[in-house]
Amino acid sequence: MAQVLLEHVWKIFDGNVEAVKDHNFTIEDKEFVVLVGPSGCGKTTTLRMIAGLEEITKGTIKIDDRVVNDVEPKDRDIAMVFQNYALYPHMTVYDNMAFGLKLRKFPKAEIEERVKRAAGILSIEPLLDRKPKQLSGGQRQRVALGRAIVRDPKVFLFDEPLSNLDAKLRVQMRSELKKLHQRLDATITYVTHDQIEAMTMADKIVIMRDGLVQQVGDPYTIYNHPKNLFVAGFIGTPPMNFADGKIIKDQKGHWVEEKTGAFRVIVPKDYVESVDPFVDKDIIFGIRPENIYDKVFSKNAVEGENVVKVKVEVTEPLGSETLIHAPVGESRFVASVLPETGAESGLEMDLVFDLKKMRLFDPSTEEALI
């Protein structure tokens, strides 16, 4: 396997459309890296440039310390798995998996050994004599993976390979791909718009927006320490709650006060030094739904410090949790509470904010302050 390095990589279409802007990141050897972001952010273009299917405008791409800017896709020693599987309908599963090796004139015995080994890894040995039309979506996806595995490439590239599958099968295939990565010890670059896929599968996540890399990091860091407002709002289901406000200070300490005065919560002592430079300045307050609790079930409620009174607007019972939606000043907050709360529309509730998990952002730059 191999390391992939992008240095100041740009892609500009038609002279002025900047699809990818100054990418600088490394996909380490044997690492599972996910490129994630909304549609049009440049993630698939980045993958296609690594594959050699798209010419880069500026910058350098290296695979295993070899500059591949001008190297043909077939000579980059990569294997790509596409969203639509791209199987030959007239060929059997065996022939689909063997086709690339036959073109490269591999010995027949080696082709058979590689195909059977890949089929064993993917548990598709009974399907080798079938045609693609006789397979389910999940089985076709396994065949597409098998065709890549037999190549034994330096780098695997996946372009939204699970997007055509139903929700239950996507969950199953996520774990299968993670196990596959562990078995192959492979370098994998994976493109998706689904942040759940990114969080559950990646060793490292590259979050993109409008052609720019917003943050690179492991899932824990991305989730708990987002660099800016976009990352904080993009990663997480439901997403982080936000409210405009300011930092104020009195004899009791530092406070976050919502713009309209809808709530006022005290800043934990650990954060006082960090927020002190922003006293009397506008900020954006952020807190995730799972860090908001029903006061009845919370041991950390301190009246007048971290308790916020709301009127429930909508509830979403999910079995293990209930999501409540409630207006808070000019914002709408979502809280994930225990089903035992009995939350329902129109009910007034006292919610407790776990302020050790809060995030603050600069409203002008959208960069994280803490």
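Can you give the % of DSSP beta bridges in the chain that are antiparallel, to the nearest 5?
Numbers: 58 of 77 bridges.
So the antiparallel bridges in the chain amount to around 75 percent.
At a probe radius of 1.4 Å, what is the per-residue accessible area of L347, in Å² to the nearest 10?
My reading of the accessible area for L347 is about 60 Å².
What per residue convex hull volume, in Å³, do the alpha-carbon atoms of region 66-132 yield?
Looking at region 66-132, the number lands at 126 Å³ per residue.
What do you get for Rg/Rh over region 293-370 if you use C-alpha atoms and the Kirkwood form of Rh? Present the calculation step by step, with values, prior to reporting the outcome.
Details: Rg = 13.7 Å, Rh = 13.6 Å.
A ratio of 1.01.
Can you give the angle from 0 to 90° between the axis of helix 93-103 and the longest principal axis of the chain, with both taken from C-alpha atoms, to the nearest 10?
70
When every alpha-carbon pair in region 1-100 is counted, what percent end up more than 22 Å apart?
37
If we restrict to alpha carbons, what Rg and Dmax does region 240-370 come to, in Å?
Expressed in Å, the Cα Rg and Dmax of region 240-370 come to 14.5, 44.
Just from its helices, what would the mean residue ellipticity at 222 nm be for the chain, if runs of 4 or more DSSP H residues each count -39500 (n - 2.57) and the sum is divided by every residue, rounded to the nearest 500 deg cm²/dmol?
One gets -7500 deg cm²/dmol as the mean residue ellipticity at 222 nm.
Find how much the distance from F25 to V296 grows on full extension, using 0.36 nm per residue of separation minus their present alpha carbon separation; answer in nm with one decimal.
Going from the current span to full extension adds 92.9 nm.
What percentages, rounded to whole numbers, describe P(r) for region 149-249 computed over all alpha carbon pairs with 10 Å bin width beginning at zero?
Result returned by the calculation: 12, 40, 32, 10, 4, 1, 0.
When the accessible area of region 118-167 is split by element with a 1.4 Å probe, what percent falls to carbon and sulfur?
40
Can you list which of the chymotrypsin sites (Phe, Trp or Tyr not before Pro) found in region 170-226 are DSSP loop residues with at most 11 other C-beta atoms within 10 Å?
Details: sites: Y190, Y220, Y223; in loops: none.
Passing both the DSSP loop test and the Cβ count: no residue.
Ratio of alpha-carbon Rg to the 2.2 N^0.38 Å globular estimate for region 267-320, to two decimals, please.
Rounded to two decimals, the normalised Rg is 1.47.
Which order do peptides 275-281, 231-237 fall in by mean Cβ count within 10 Å, highest first?
Values: 275-281: 13.0, 231-237: 19.4.
Final packing ranking: 231-237, 275-281.
Principal axes first, then extents: for the Cα atoms of the chain, list largest minus smallest coordinate on each axis, whole Å, largest first.
Principal extents (Cα only, largest first): 80, 46, 34 Å.
Where a Cα-Cα gap under 17 Å defines reach, which lysines qualify for K259, not counting those fewer than 8 residues away within the same chain?
Counting by Cα, and skipping residues close in sequence, K259 has these lysines nearby: K246, K249, K281, K309.
Just from the alpha-carbon atoms, what are the Rg and Dmax of region 58-169 in angstroms?
For region 58-169, the Cα-based Rg and Dmax read 15.0, 47 Å.
Restrict the search to region 41-120; then list the chymotrypsin sites (Phe, Trp or Tyr not before Pro) that DSSP places in a loop and that have at most 14 other Cβ atoms within 10 Å of their Cβ.
When the chymotrypsin sites (Phe, Trp or Tyr not before Pro) of region 41-120 are filtered for loop state and at most 14 Cβ neighbours within 10 Å, F82 remain.
Compute the helix-to-body angle for 108-122: its Cα long axis versus the longest principal axis of the chain, expressed 0 to 90° and rounded to tens.
Compared with the principal axis, the helix lies near 20 degrees.
Using 29 Å as the Cα-Cα cut-off, could you pick out the over-long pairs in K62/K178; K133/K179; K30/K74; K62/K357?
With Cα atoms farther than 29 Å apart: K62/K357.
The values are calculated or read from the model by the stated rules, or taken from the named source; none is laboratory data. Keep in mind that what you see is a predicted model, and the values were worked out from it rather than measured. Heads up, the Cβs are rebuilt from the backbone with ideal geometry, glycines too, and the neighbour counts pull from every protein chain shown. To get the accessible areas, we keep the full protein, side chains included, count just its heavy atoms, and leave off ligands, DNA and RNA. Shrake-Rupley method; radii C 1.70, N 1.55, O 1.52, S 1.80 Å.
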